[in-house]
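Since the structure comes first, as structure tokens, the remarks are kept for the end.
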Amino acid sequence: MTEPEVPQKRPYPMQVEAGKEYHVCMCGKSQNQPMCDGSHAGSGLGPKVFKATEAGFVAFCGCKHSKDETGKCDGRRSSSSIIIGFKQILVFILDNKFHYSSTLVI
Ligand code: FES
């Protein structure tokens, strides 16, 4: 069995839109992580499909070893990667929410 490449050992937090379908890279070769860009061709691996039922943030797999059927992080690499992932999500949310605020100090 072909082993995927490991772009990073922590999740990719990403904002998703309700009703949209996302093709999550599981080969690790995409230059558009965490989404598939077709670079998996010939690798024997392919993307997993995530269908967003509601808008929000999703932590997609960064190590490409998740057993989740939709490509979300399942904490397979380590528990610390989940904590780092949640920290990334929090920073991402705060950064976007307060992007134009000069008063926010983190
Ligand atoms: S580029 Fe990795 S699954 Fe398509």
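Laboratory data are not the source of any read-out in this text; all were calculated from the coordinates shown. Here the structure is a predicted model, which is why all the values come from computation and not from measurement. Ideal geometry is used to build each Cβ from the backbone, glycine not excepted, and the neighbour counts take in all protein chains shown.
Some notes on this structure:
- Using the Cβ-Cβ distance between residue 3 and residue 37 with R0 set to 22 Å, the FRET efficiency works out to roughly 0.70.
- Net lengthening on full extension, residue 20/residue 55 (0.36 nm per residue, minus Cα-Cα): 11.7 nm
- Per-residue Karplus couplings for the range 59-67, computed as 6.51 cos²θ - 1.76 cosθ + 1.60 with θ equal to phi - 60°, are listed in order as 9, 7, 4, x, 8, 6, 10, 4, 8 Hz, Gly and Pro entered as x.
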